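Asks: Below you will find the structure I want to go over with you.
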């Protein structure tokens, strides 16, 4: 039985208490591309405001879901936006604005509609006698509740009051798991997760452990099995749909969830399955460095007046690469400034400065972004995945002030050809690098961005 449950949401940052305008700016070869790129920048701006959300949900049968959920730009529903597109001789420049006074009523209206849908689906599943029919309705209900939660999060950040979902997501997941038998093999789990998905092509992402951005061997195997059961594509397109996964490690097994997200950020389907421990015996499934992960990605404050971003040709979420694939790295500042990048490899326990140009001395590690290149993605080069494999964690430090005199102390390593940061551990290297960042004061702006990806043998 699904009971009504008050969803507890704790927002780490204070919601906007007054009318606010969030903006995004971007270039594109066509009007449509410029609009989509500007929307992605606006979504990133909103992520800065939201940062993260904590949920704790429990059902009558004791199933608990208490995990950190980080919203990604492709997940956020953006309502009430205004566009201005300018033709700049061969390319287009777009500015998109979201005014909270205009947008908030639209979110309230959508929340009311979703709440009505949730009530109707919940009533339907209670009346259904056939297990197969009830299961399908429950998966629809789960997708609707997840959509409600995402809209509610944005509405709260725009200054609205937190709305209460008629049904908690954890309760729905618990009901689904009570119907679906525990999967004895990974193949059966993949069958369950891809059953009756909308017929379209998907970029399939590796499922990540809750609270971590590090892919595991279990992540790779499940991603490949899921991709083999849908129309999968590796080429990212503005209209791409995604299959995004995550899993929680419990005493009785792993609970693995996948959701189908369309190009508008809407969750169109959601699936969940529990695997028996025997299904993943001898497969590495625990992330190796949770403490480091949290320090790197959560240990700094972001601001919208001076922003830095990191990305790859495959996006920035759930990144897992294998031999033969090519990774291209990109960086972007929203205003003129300087930046450098430290890579922290938790597998080799080394941190090193990335060489960003051919200049002599310290200038080789510092890149300057002029006014013409602000709000544009700048390629930092591409490389082919090869051994040694592991998890690379990039930490970009940016400032409106020249950073050549603010680099961490390094020593050149003859064996690797890298400039190794002098620190006791990779955690110490993150802290030292962050400590060198110029303090924000009048006339000086600073920012930070992080990105993690895992490389793994086939």
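Asks: Among the residues of the stretch 113-131, are any modelled with pLDDT of 95 or more, crowded, with 16+ Cβ neighbours inside 10 Å and closer than 30 Å to residue 236 by Cα?
Replies: yes
Asks: Of 187, 262, 224, 196, which residue is under 21 Å from residue 172 (Cα atoms) and surrounded by fewer than 20 Cβ atoms within 10 Å (Cβ to Cβ)?
Replies: 196
Residue by residue, here is whether (1) modelled with pLDDT of 90 or more; (2) assigned to a strand (DSSP E or B); (3) under 30 Å from residue 96 (Cα atoms) holds:
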| position | (1), (2), (3) |
| --- | --- |
| 368 | yes, yes, yes |
| 380 | no, yes, yes |
| 396 | yes, yes, yes |
| 415 | no, no, no |
| 423 | no, no, no |
| 433 | no, no, no |
| 452 | no, yes, yes |
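Asks: Here's a follow-up. With the condition kept exactly as written, say whether any residue in the stretch 266-285 is outside any strand (DSSP E or B) and more than 30 Å from residue 179 (Cα to Cα).
Replies: no
Asks: Which ones in the stretch 330-347 are surrounded by fewer than 20 Cβ atoms within 10 Å (Cβ to Cβ) and within 21 Å of residue 293 (Cβ to Cβ)?
Replies: 343, 345, 347, listed by residue number.
Asks: From the set of residues in the stretch 349-366 that are in a loop (DSSP other than H, G, I, E, B) and surrounded by fewer than 17 Cβ atoms within 10 Å (Cβ to Cβ), which is farthest from the chain's Cα centre (by Cα)?
Replies: 360
Asks: While we're on this one: Mind checking which residues of the stretch 126-146 are without any contact (Cβ under 8 Å) to a residue 40 or more places away in the chain, under 26 Å from residue 243 (Cβ atoms) and more than 27 Å from the chain's Cα centre (by Cα)?
Replies: 132, 133, 137
Asks: Test residue 244 against the criterion of being closer than 26 Å to residue 347 by Cβ and either modelled with pLDDT under 90 or part of a strand (DSSP E or B) (or both), and give yes or no.
Replies: Considered against the rule, which asks whether it is closer than 26 Å to residue 347 by Cβ and either modelled with pLDDT under 90 or part of a strand (DSSP E or B) (or both), residue 244 comes out as yes.
Residue by residue, here is whether (1) in the same structural domain as residue 315 (by TED's automatic domain parsing); (2) touching a helix residue (DSSP H, G or I) at 6+ places or on another chain (Cβ under 7 Å); (3) farther than 24 Å from residue 43 by Cβ holds:
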residue: 136; (1), (2), (3): no, no, yes
residue: 153; (1), (2), (3): no, yes, no
residue: 168; (1), (2), (3): no, no, yes
residue: 172; (1), (2), (3): no, yes, yes
residue: 199; (1), (2), (3): no, no, yes
residue: 216; (1), (2), (3): no, no, yes
residue: 231; (1), (2), (3): no, no, yes
residue: 249; (1), (2), (3): no, no, yes
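Asks: Could you pull out the residue among 409, 385, 397, 426 that is more than 25 Å from residue 323 (Cβ to Cβ), touching a residue at least 12 places away in the same chain (Cβ under 8 Å) and touching a strand residue (DSSP E or B) at 6+ places or on another chain (Cβ under 6 Å)?
Replies: Of the residues listed, the single one that is more than 25 Å from residue 323 (Cβ to Cβ), touching a residue at least 12 places away in the same chain (Cβ under 8 Å) and touching a strand residue (DSSP E or B) at 6+ places or on another chain (Cβ under 6 Å) is 397.
Asks: Among the residues of the stretch 78-101, how many are farther than 15 Å from residue 29 by Cα and buried (at least 16 other Cβ atoms within 10 Å of the Cβ)?
Replies: Residues in the stretch 78-101 being farther than 15 Å from residue 29 by Cα and buried (at least 16 other Cβ atoms within 10 Å of the Cβ): 9 in total.
Asks: So residue 361 passes all but one of these: (1) at pLDDT 85 or above; (2) on the phi < 0 side of the Ramachandran plot. Which condition number does it fail?
Replies: (2) is the only condition that residue 361 fails.
The values are calculated or read from the model by the stated rules, or taken from the named source; none is laboratory data. Treat the numbers as computed from the prediction; the structure is a model and nothing was measured. Every residue, glycine as well, gets a Cβ built from its backbone with ideal geometry; the counts of neighbours run over all protein chains shown.
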